[in-house]
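Asker: Below are the structure tokens for one structure; questions will follow.
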Amino acid sequence: MKYIIISFCLFLVGGAVDVEAQNLMDIIDRTEKAVFESRSFDKDGNPLRSASGFFISPNGLAITMSSIFEHADSAEVVLRNGRDYRIERIISTHPYSNLALIKVEPNRQKKFNYLLPAKQSYRENEELLTFSHPDESEGGTTLAPVEYIKHFPYVSRTGVITESIGVKSNGAPAINYRGELAGIINGNPKKIKKIVYNSYLLNDTNWIDINIKVEQIRSSPEVRSLLSSKISQGIYELLVEDYIEAAREFSRHLKLVNDDAEGSCLRAYARYKYNNKVGSREDFNTCYQKDPNFYLQYYMKGIFELQENKKNDAQINFELCLDKQPNYAPAIVQLALLNLEKRNEVQEAYNRFTEALLHDSLEATAYYERSRLRFKYSDNMDGVMEDVNKTIYLDPALSGIYTIRGILRSLKKDMLGAIEDYDEAISKDPKDVHAYFNRGIANYNIGLQEEACEDWEKAGELGDYKAFKYISRFCKEVQKGIYPN
């Protein structure tokens, strides 16, 4: 009877693999039918630029890269089966990501295949299937994990991947394991790191309606400036942390649009990040002169002042930011943290973190800070765990978040799960004294006394003198010389 059960289990596993492979093939086939190459041409029909793109509706609405239209007189999309269709007009553009919403002439025979945005954002280390250009990747698809997450204004929560693809693959969709649109690829062909814009970007408030036919673009300098890739390339360089090149891109943008307050502010940010503080101050002053109501300058100055421990100045700037843009979630969070430190009004801070999440459900820091308050002042550990898990999903790099989850798991007697979390916390921050101390307790509880003593010793070296009491009580063999005087 035992062998029958084993054979039956193997049959089920084999069947599951076949189904999974079949589902993957279905996803690839379905997605490839929605993906295209977009091409632009001059007035004589000569090719100008190309990029990837995909349909988001059956009637010809699609996404591709804005910059290919900057000097175009006509444009088309070419599906992977070779069929081509004329691009009728540019509906809107997202200058900060170089994305465009376009309308393709209708297919009279049948509706276009299209992609649906994911219901949930991708997470760090999640593998995405990118439909890069066939000329730049074997088979036209590449599987790549999201290596880490970056957060930046205008493009929100953005993933970074490593891909050897060129400009033809910019605008390509990235699909999750359910076959949903998880993100959109963009990058610089000179750099191996590419970014994956979150599909949530399709519904944000930074899209600018232009609604213009392709053949009318060249006669409209204002529209052409909106289709330029300069500011989006600068943001890309910020996301991959090449701050000097980011400043250069913003400088190129400012040569085209010299009265742009946003460009000056973004260059100020880039310059500060590579320690050009004089140039940064000059840019912030220029930004203020061009538009004193531009909210982002105050938020960025506030962040830099926090780094320099100028908390009063930072608070003033966060207040100015929210005066100009009351719903800006990152500023709400930072101001709440400063007020909590100054006045210790826990309920007010909790309410502000909750308010920030109502404005931006991807604001990981708000979940993190709310989880810390709930952990310290609430008995609702399930609520704390919910906030902690959301934080880890959105931004696992936030300091200490795995330590908190480890403690929560310890409280539920899940010592092995807790140790896994403490291990992760220490791998991200080798100086996380709380992770060492609590891992010591968890190790001791599962009988690993030697490992526990080593953890407490490390916690003591990092400044937690309570750890030495544990060593004195539970680690008799440890030499007295490690104790503080």
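Asker: Could you list, ordered by first residue, the pairs with Cβ atoms under 7 Å in which the first is in the stretch 344-368 and open to solvent by 30 Å² or more (accessible area, probe 1.4 Å) and the second is among the aromatic types (Phe, Trp, Tyr) and outside any loop (DSSP other than H, G, I, E, B), at least 6 apart or interchain?
Answerer: Close Cβ pairs satisfying both conditions: Val346/Tyr377.
Asker: Could you tell me whether any residue of the stretch 374-381 is open to solvent by 20 Å² or more (accessible area, probe 1.4 Å), within 24 Å of Asn198 (Cβ to Cβ) and among the aromatic types (Phe, Trp, Tyr)?
Answerer: Checked against the condition, which is being open to solvent by 20 Å² or more (accessible area, probe 1.4 Å), within 24 Å of Asn198 (Cβ to Cβ) and among the aromatic types (Phe, Trp, Tyr), the stretch 374-381 yields no hits at all.
Asker: Residues being among the hydrophobic types (A, V, I, L, M, F, W, C) and under 20 Å from Ser378 (Cβ atoms): count how many of those fall in the stretch 320-361. Please lay out each step first, then the result.
Answerer: Of all residues in the stretch 320-361, those among the hydrophobic types (A, V, I, L, M, F, W, C) come to 320-322, 329, 331-333, 335-338, 340, 346, 349, 353, 356-358.
Right, trim to under 20 Å from Ser378 (Cβ atoms) and you get 333, 336-337, 340, 346, 349, 353, 356-358.
Qualifying residue count for the region: 10.
Asker: Do we find a residue being among the polar types (S, T, N, Q), more than 24 Å from Glu308 (Cα to Cα), modelled with pLDDT of 95 or more and surrounded by fewer than 23 Cβ atoms within 10 Å (Cβ to Cβ) anywhere in the stretch 271-290? Spell out the reasoning first.
Answerer: Pass one, the stretch 271-290, residues among the polar types (S, T, N, Q): 275-276, 280, 285-286, 289.
After this cut, where a residue has to be more than 24 Å from Glu308 (Cα to Cα) as well, the list is 289.
With the extra rule that they be modelled with pLDDT of 95 or more, the set shrinks to 289.
In the following step, the residues that additionally are surrounded by fewer than 23 Cβ atoms within 10 Å (Cβ to Cβ) were identified as 289.
Yes: the stretch 271-290 contains one or more residues that are among the polar types (S, T, N, Q), more than 24 Å from Glu308 (Cα to Cα), modelled with pLDDT of 95 or more and surrounded by fewer than 23 Cβ atoms within 10 Å (Cβ to Cβ).
Asker: Quick one: which residue in Glu138, Glu147 is over 20 Å from the mean Cα position of the chain (by Cα) and open to solvent by 20 Å² or more (accessible area, probe 1.4 Å)? Quick ask: steps written out before the conclusion?
Answerer: On the way: Glu147 fails: over 20 Å from the mean Cα position of the chain (by Cα).
Just one listed residue meets the conditions, Glu138.
Asker: Restricting attention to the stretch 410-440, which residues are in a helix (DSSP H, G or I) and crowded, with 21+ Cβ neighbours inside 10 Å?
Answerer: Of the stretch 410-440, the ones in a helix (DSSP H, G or I) are 410-411, 415-428, 433-440.
If the condition is that a residue be in a helix (DSSP H, G or I) and crowded, with 21+ Cβ neighbours inside 10 Å, then Ala418, Ile419, Asp421, Tyr422, Ala425, Ala435, Tyr436, Phe437, Asn438, Arg439, Gly440 are the ones that fit.
Asker: Where residues in the stretch 85-138 are among the hydroxyl-bearing types (Ser, Thr, Tyr) and touching an Asp or Glu at 6+ places or on another chain (Cβ under 6 Å), which of them is nearest to Lys150 (Cα to Cα)? Let's see the steps before the verdict.
Answerer: Filtering the stretch 85-138 down to residues among the hydroxyl-bearing types (Ser, Thr, Tyr) leaves 85, 92-93, 96-97, 114, 121-122, 130, 132, 137.
In the following step, the residues that additionally are touching an Asp or Glu at 6+ places or on another chain (Cβ under 6 Å) were identified as 85, 92.
Numbers: Tyr85: 36, Ser92: 25 Å.
Once the filter is applied, the top-ranked residue is Ser92.
The values are calculated or read from the model by the stated rules, or taken from the named source; none is laboratory data. Not measured: the values here are computed from a predicted model. All Cβ positions, glycine included, derive from the backbone under ideal geometry; neighbour counts span all protein chains shown. To get the accessible areas, we keep the full protein, side chains included, count just its heavy atoms, and leave off ligands, DNA and RNA. Shrake-Rupley method; radii C 1.70, N 1.55, O 1.52, S 1.80 Å.
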